[in-house]
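Trainee: There's a structure below that I have some questions on.
Laboratory data are not the source of any read-out in this text; all were calculated from the coordinates shown. Computed from a predicted structure; not experimentally measured. Please note: Cβ atoms are built from the backbone with ideal geometry, for glycine as well, and neighbour counts cover all protein chains shown.
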Amino acid sequence: MLVRQDNIQGSRRFSNYWWAFSILSGGLGFFLAGLSSYFSKDLLPFTSSAQLLFIPQGVIMTFYGTTALFLSIFLWFTILWDVGGGYNRFDTQEGLVTIFRLGFPGKYRTVCLKYAVKDIKSIKVSIQEGLTPKREIYLRTKDNREIPLTRVGEPLMLSEIENQATELARLLGVNVEGI
């Protein structure tokens with residue numbers, strides 16, 4: 001195999017959709033409950049929020065609702081822009097490794113790193129077990145930079161990490177560190 005391209009999933013994951021929707025609905029509920037107490041009119045059909053005192057309960061509910069709505073908007077835009085998505089391309093024919101990721105809109109929306117295969121020292125595997133396990137693969141250059149190759153989020157299985165690392169090392173003709 002001369003060219004290998006691994007797609008990296010960004011923000012468009014089920015868990016992000018779930019949290020964005022949950023925070024949106026909860027924030028909308030709190031916001032409308034706060035407004036109901038201000039206007040003394042029920043804006044939510046399944047509660048009687050108009051009976052709440054605006055100060056302090058209505059103010060606090062409006063604040064929490066506004067905060068949740070802004071957080072939800074941030075999450076929806078992160079999903080829309082697919083922040084963190086991209087690919088790793090290993091082209092042994094041209095002798096080039098390309099790491100491409102998407103970020104937030106702006107001057108530096110895209111990150112595109114290119115390295116010559118001859119500048120690659122090894123493939124490093126980092127495994128940390130515990131309450132928040134980390135299982136990551138890094139591309140290690142001869143000047144000791146470590147560029148992450150795996151996606152952020154749920155850790156991969158140990159066998160999958162080992163297989164990916166050995167396949168990459170075999171493709172690039174380098175050693176594997178950390179196994």
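Trainee: Near residue 141, within a Cβ-to-Cβ distance under 15 Å, what is the net charge of the other residues, with Lys and Arg +1 and Asp and Glu -1?
Mentor: Taking every other residue near residue 141 into account, the sum is +3.
Trainee: Over 10 Å intervals from 0, what percent of Cα-Cα pairs in the stretch 62-131 sits in each interval?
Mentor: Histogram of Cα-Cα distances, whole percents per bin: 16, 27, 27, 20, 7, 2.
Trainee: A follow-up question, please. Using the eigenvalues of the Cα gyration tensor, what equivalent ellipsoid semi-axes result for the stretch 84-171 when each is taken as the square root of five times the eigenvalue, whole Å, largest first?
Mentor: Output for the stretch 84-171: semi-axes of 22, 19, 11 Å.
Trainee: If you don't mind, another one. Taking just the alpha carbons, could you work out the radius of gyration and Dmax for the chain, both in angstroms?
Mentor: Using the Cα atoms of the chain, the pair Rg, Dmax is 23.6, 72 Å.
Trainee: Of the lysine pairs in the stretch 84-171, how many meet both conditions: Cα atoms under 27 Å apart, and a spacing of 8 or more in sequence or different chains?
Mentor: 9
Trainee: Any idea what diffusion coefficient the stretch 14-81 gets from Stokes-Einstein, in µm²/s, Kirkwood Rh on alpha carbon pairs, 25 °C, 0.890 mPa s?
Mentor: Translational D for this selection: 202 µm²/s.
Trainee: Next up: Pick out, in residue order, every one of the trypsin sites (Lys or Arg not before Pro) in the stretch 70-107 that is DSSP loop and has at most 11 other C-beta atoms within 10 Å; say none if there are none.
Mentor: Filter output for the stretch 70-107: 107.
Trainee: I would also like to ask the following. Springs between alpha-carbon atoms under 10 Å, Gaussian network over the chain: tell me which of 159, 11, 22 tops the mean-square fluctuations.
Mentor: Taking springs between Cα atoms under 10 Å, the residue moving most is 159.
Trainee: Then there is this: For n ≥ 4 DSSP H runs only, could you compute -39500 (n - 2.57) per run for the chain, divide by its residues and tell me the 222 nm figure to the nearest 500?
Mentor: -12500 deg cm²/dmol, from helical runs alone.
Trainee: Tell me, how many Å apart are the Cα centres for the stretch 51-118 and for the stretch 127-154?
Mentor: Using only Cα atoms, the two centres lie 20 Å from each other.
Trainee: In nm, give the distance between the simple-model label positions of residue 160 and residue 94, each being 7 Å from the Cα along the Cα-to-Cβ direction.
Mentor: Rounded to a tenth, the inter-label distance reads 2.9 nm.
Trainee: In the stretch 60-116, which chymotrypsin sites (Phe, Trp or Tyr not before Pro) are in a loop and have at most 10 other Cβ atoms within 10 Å, using DSSP for the loop call?
Mentor: Hits after loop and neighbour filter: 108.
Trainee: How much length is gained if the chain between residue 128 and residue 74 is pulled fully straight, taking 0.36 nm per residue apart and subtracting their Cα-Cα distance, in nm to one decimal?
Mentor: Result for the pair: 16.4 nm of gain on full extension.
Trainee: Do any trypsin sites (Lys or Arg not before Pro) in the stretch 139-179 lie in a DSSP loop with no more than 14 other beta carbon atoms within 10 Å, and if so, which?
Mentor: Working: sites: 140, 142, 145, 151, 170; in loops: 142, 145, 151.
The qualifying sites are 142, 145.
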